[in-house]
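Encoded as structure tokens, the structure appears first; notes follow it.
The values are calculated or read from the model by the stated rules, or taken from the named source; none is laboratory data. Just so you know, these numbers come straight off a predicted model, no measurement behind them. Glycine gets a Cβ as well: all are built from the backbone with ideal geometry, and neighbour counts include every protein chain shown.
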Amino acid sequence: MSISYQVGDSDTRPWGTWEVLAVGDNYIVKRIQVLPHKKLSLQSHHFRSEHWVMVDGIGQVTLDETVREVHTNESVYIEKEQKHRMENASDNPLTFIEVQAGETLDESDIVRYQDDYGRS
């Protein structure tokens, strides 16, 4: 098992910010804020699943070929290897809680398929 995060770790990305809220033996909890009219890369993970719980705002989530709107207090489950993305199409910030669970929990387990910011 590989976990490279600690509580309090955070980062600013072109689409917004993330902060680690909790770390356990096989899980990580992050708060993610997506700026208005920004989106995360279309990505998947080999070693982890994710569960997103919307806490403020309205987002558009992509799961493989399906796109649907998600609202405050709704959740999304993302299986290992499943392509996914969150987009904020509104004029207000979007915040969700991400629970990662799996055997490798670090930034190296991101496979990007599409990215508006030139990352690979």
Q) Among the listed residues V61, V67, V55, which satisfies the condition of being touching a Ser or Thr at 6+ places or on another chain (Cβ under 8 Å) and at pLDDT 95 or above? A) V55
Q) What single numbered condition from (1) touching a residue at least 60 places away in the same chain (Cβ under 8 Å); (2) closer than 23 Å to D9 by Cβ fails to hold for A22? A) (1)
Q. Within region 31-40, is there a residue that is out of contact with any helix residue (DSSP H, G or I) (no Cβ under 7 Å at 6 or more places or on another chain), surrounded by 15 or more Cβ atoms within 10 Å (Cβ to Cβ) and more than 19 Å from D116 (Cβ to Cβ)?
A. yes
**Q.** Of all residues in region 96-110 being closer than 14 Å to E50 by Cα and over 11 Å from the mean Cα position of the chain (by Cα), the one that is surrounded by the fewest Cβ atoms within 10 Å (Cβ to Cβ)
**A.** E107
Q) Quick one: is L94 over 24 Å from I3 (Cβ atoms), hydrophobic (A, V, I, L, M, F, W, C) and touching a residue at least 40 places away in the same chain (Cβ under 8 Å)? A) yes
Q | region 18-54: number of residues that are more than 12 Å from the chain's Cα centre (by Cα) and of a type in the set (D, E) | A | 1
